[in-house]
Amino acid sequence: MPTETLREPQQDRSRATRKRLLEAAIDCLAELGWTGTTVLVVAGRAGVSRGAAQHHFPTREDLVTAAVEYVAEERTARLRAHFAELPTGPGRTQAVIDLVEHMYTGPLFRAALQLWVAASSDEQLRARVVPLEARVGREAHRVVVELLGVDEKVPGVRETVQATLDLARGLGLANLLTDDAKRRRGIMRKWARLLDEVLTGAG
């Protein structure tokens with residue numbers, strides 16, 4: 001059997017194992033926090049051996065930062081996938097706001113928050129997390145601009161889009177301890193109307 005034929009299934013298995021580890025790391029971080037998210041625990045949840053996990057990710061820091069980056073990329077890819085489904089009329093801004101809200105109320109945000117807290121007192125981890133979060137933030141900003149169909153060169157647009165992300169992040173934080181959905185949705189609906197006014201004026 002040709003070597004290439006053997007290599008392809010092996011590479012597929014390796015990619016599948018890596019993906020399971022990354023997704024399990026996000027789940028563990030969101031549920032158990034930084035302290036409880038060890039390579040052994042993540043490997044168990046992913047259904048692989050500790051040795052196999054460490055083959056892909058030698059340290060916990062490697063595993064967790066790669067997991068946050070992976071899921072953040074998946075999240076922005078899914079946002080873009082909704083582009084064709086968004087309404088083209090007055091309801092578009094609200095639809096985009098709903099997507100942004102979802103970004104900051106799911107397990108990825110909980111996992112990222114645990115990572116931020118750990119990084120605040122760990123210099124080595126912070127050195128990894130700060131540039132990662134900067135990339136994630138820039139990409140989220142680009143996607144929202146794209147979904148809204150606005151021009152950042154127009155004065156005020158960039159700041160307004162960033163305020164939208166900052167608002168959603170803050171409301172997502174408030175949701176961590178109690179179910180804040182009703183209040184949050186009311187605020188986001190109001191913000192969508194204000195955003196429409198600002199963007200229409202900027203246009």
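Remarks
- Set of aspartates and glutamates near residue 190 by C-alpha distance (under 20 Å), chain-local residues within fewer than 8 positions excluded: 98, 101, 159, 166, 179, 180
- Computed FRET value (nearest 0.05) for residue 102 with residue 10, which takes r as the C-beta separation and R₀ as 35 Å: 0.45
- Square roots of 5 times each gyration tensor eigenvalue, C-alpha, the range 24-155, largest first, Å: 32, 16, 12
- Debye intensity ratio I(q)/I(0), log10, the range 116-203, q values 0.18, 0.21 Å⁻¹ (C-alpha model): -0.91, -1.05
- Debye, to nearest 20: dipole size of the chain, +1 on Lys, Arg Cβ, -1 on Asp, Glu Cβ: 260
- The chain: angle of helix 157-174 to the longest principal axis, Cα-based, in degrees nearest 10: 60
- Alpha carbon centroid spacing (whole Å) that separates the range 9-40 from the range 47-62: 8
- Relative contact order computed over the chain (Cα-Cα under 8 Å; 6+ residues apart), in percent: 22
- Counting other Cβ atoms within 10 Å as a rough exposure proxy, the listed residues 98, 166 run 166, 98 from fewest neighbours to most.
No lab work stands behind these numbers, since they all come straight from the coordinates. For clarity, every value in this text was computed on a predicted model and none was experimentally measured. So basically every Cβ, Gly included, is an ideal-geometry build from the backbone, and we count neighbours across all protein chains shown.
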